[in-house]
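Below: one structure, written as structure tokens.
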Amino acid sequence: MKGGVNDWLVQAFQNVESITPIEPKIQEEEGTGIGRLVSLKQPSLLEDLFPLIKRHLGLQHIQVARSPISHVKSIAICAGSGGSVLKDVKADLLWTGELSHHEVLAAVAKGSNVILCGHSNTERGYLAELKAILEDELKKDGGEELEVHQSTRDRDPLDVV
């Protein structure tokens, strides 16, 4: 979906030059598809991206696996579980909710840094935007104005202790 959760994740960065779907949807609106491959206008130090991602997701901690590449020009993004989407993508940084241990090792061996934020943590922040989109869609063409409720109890099932 254009304007969906992966596009919302891209908004963590100010320095974006281009955004393309990793797996484009054929015969659909341009820019739709699964995942996003982001090119930055200027390379950023990997460490400089940590606070941007944490702030965007409202997190205190993220998991990082470092490759020898410390300057990031390309970022592959997939909300939730990105293993199957990101496995063959060449990017300086892979950012997703979760990957298996072996998927992280393979990515680093191929020269990509990895940032993991927890499956639902990469999706939850988008719910407020999705709520507004749904309310607008329901009002279109004289439709009934309905209130969409967002759970206040939903949270990541895992705790960092």
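The values are calculated or read from the model by the stated rules, or taken from the named source; none is laboratory data. From a predicted model like this one, the values you see are computed outputs, not experimental measurements. Here the Cβ positions follow ideal geometry from the backbone for every residue, glycine too, while neighbour counts run over all protein chains shown. Surface areas here come from the heavy atoms of the whole protein model, side chains and all, with no ligands, DNA or RNA. Shrake-Rupley method; radii C 1.70, N 1.55, O 1.52, S 1.80 Å.
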Could you provide, to the nearest whole Å², the per residue accessible area of the stretch 67-161 with probe 1.4 Å? 60
Table column - 3J(HN,Hα) (Hz), the stretch 88-105, Karplus curve with 6.51, -1.76, 1.60, x for Gly and Pro: 10, 8, 9, 8, 5, 9, 9, 10, 8, x, 8, 9, 6, 3, 6, 5, 5, 4
Sparse-neighbourhood loop hits (trypsin sites (Lys or Arg not before Pro), the stretch 116-161; DSSP loop; Cβ within 10 Å at most 16 others) -> 153, 155
Can you bin every Cα-Cα distance in the stretch 24-74 into 10 Å intervals starting at zero and give me the percent of pairs per bin, rounded to whole numbers? 20, 38, 29, 12, 0
Treating only the Cα positions of the stretch 8-98 as identical point scatterers, give the base-10 log of I(q)/I(0) from the Debye formula at each q in 0.24, 0.25 Å⁻¹. -1.42, -1.51
In whole Å, how far is the Cα centre of the stretch 140-161 from that of the stretch 1-60? 22
Across 88, 141, 48, the residue with the highest GNM fluctuation in the chain (Cα network, 10 Å cutoff) is 141
Per residue, what volume in Å³ does the Cα convex hull of the stretch 1-55 take up? 75
Give the value in nm², to one decimal: projected area of the alpha carbon convex hull of the chain, averaged over all directions. 10.9
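Divide by every residue of the chain the summed helix terms, -39500 (n - 2.57) for each DSSP H run of at least 4, and state the resulting mean residue ellipticity at 222 nm, rounded to the nearest 500 deg cm²/dmol.
One gets -8000 deg cm²/dmol as the mean residue ellipticity at 222 nm.
When the accessible area of the chain is split by element with a 1.4 Å probe, what percent falls to carbon and sulfur?
On the way: 5090 of 9740 Å².
Answer for the chain: carbon and sulfur cover 52 percent of the accessible area.
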Looking only at lysines whose Cα falls under 24 Å of residue 139's and that sit 8 or more positions away or on another chain, we get 2, 131
Cα-Cα longer than 18 Å, checked against 73/110; 25/54; 25/90; 87/110, kept in input order, equals 25/54; 25/90
